[in-house]
Amino acid sequence: MNYQILKNIIDAELQRFQTISEEEWEYKAGPEKWSKKEIIGHLCDSAFTNIRRFVVTQYKENENIVYDQNIWVKAQNYQNIPISELINLWKALNDQIVHVVENIPDEALQRTCDITKTELQRFTLEFIIKDYVDHLQHHLKAI
């Protein structure tokens, strides 16, 4: 994986985040819809979970590592955390992901992890890393 892609995403988004007002960060289109703040919170949860996947899969195959995104967002009450703190957390977690992924030995990229909540499905570490970046970009488009 080209780690520079993730670094570039982090840098570009940090600049873009500065152009978003507090009101825009907090706006919710409906009670069950996430605000932009909650989306950033969800991306932090995703980063927490994926750091664990990226580390554990290097030494333990087929571990089931999942999370319930809606419960995590609600439990952490991201809507009531200052956006500057969420942005700092998001940046720190993604900087850590870059560091972890840069240090994964090539031979570990084909090890597998189960990232599903229902039926067992194994994915290679290489796939999970790419999927993390795709997931990140998908949600950043909503901000």
**Q.** Computed E for residue 24/residue 77 - FRET, C-beta separation, R0 22 angstrom, nearest 0.05
**A.** 0.70
Q | Dipole moment magnitude, nearest 20 debye, the chain about Cα centre, only Lys, Arg, Asp, Glu C-beta charged | A | 120
Q: Using 0.36 nm per residue of separation minus the Cα-Cα distance, give me the extension gain between residue 138 and residue 12 in nm, one decimal.
A: 43.9 nm
Q: Send over a whole-number figure in Å² for the accessible area per residue of the range 70-126, probe 1.4 Å.
A: 61
Q | Formal net charge of residues neighbouring residue 120 (Cβ-Cβ distance under 13 Å; K, R +1; D, E -1) | A | -2
Q: Kindly state, to the nearest 0.05, the FRET efficiency for residue 98 paired with residue 119, given R0 = 25 Å and r defined as their beta-carbon distance.
A: 0.20
Q. What FRET efficiency do you get for residue 91 and residue 62 if R0 is 35 Å and r is their Cβ-Cβ distance, rounded to the nearest 0.05?
A. 0.65
Q. By the gyration tensor of its Cα atoms, with a ≥ b ≥ c the square roots of the eigenvalues, what is the shape of the range 29-97: rounded for a/c under 1.5, prolate for a/b over b/c, or oblate?
A. oblate
Q: For the range 9-143, calculate the relative contact order in percent as a whole number, restricting contacts to Cα pairs under 8 Å that are 6 or more residues apart.
A: 28
Q. Counting only protein heavy atoms, what percent of the accessible surface of the chain is carbon or sulfur at a 1.4 Å probe?
A. 50
Q: For the range 1-132, count all C-alpha to C-alpha pairs, find those more than 23 Å apart, and express that count as a whole percent of the total.
A: 39
**Q.** 222 nm mean residue ellipticity, helices alone, for the chain (DSSP H n ≥ 4; -39,500 (n - 2.57); rounded to 500)
**A.** -19000 deg cm²/dmol
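The values are calculated or read from the model by the stated rules, or taken from the named source; none is laboratory data. Keep in mind the model is a prediction, meaning the values are calculated, not measured. Counting neighbours? That spans all protein chains shown, and the Cβs are built from the backbone with ideal geometry, glycine included. Surface accessibility is based on the protein's heavy atoms, side chains included, excluding ligands, DNA and RNA. Shrake-Rupley method; radii C 1.70, N 1.55, O 1.52, S 1.80 Å.
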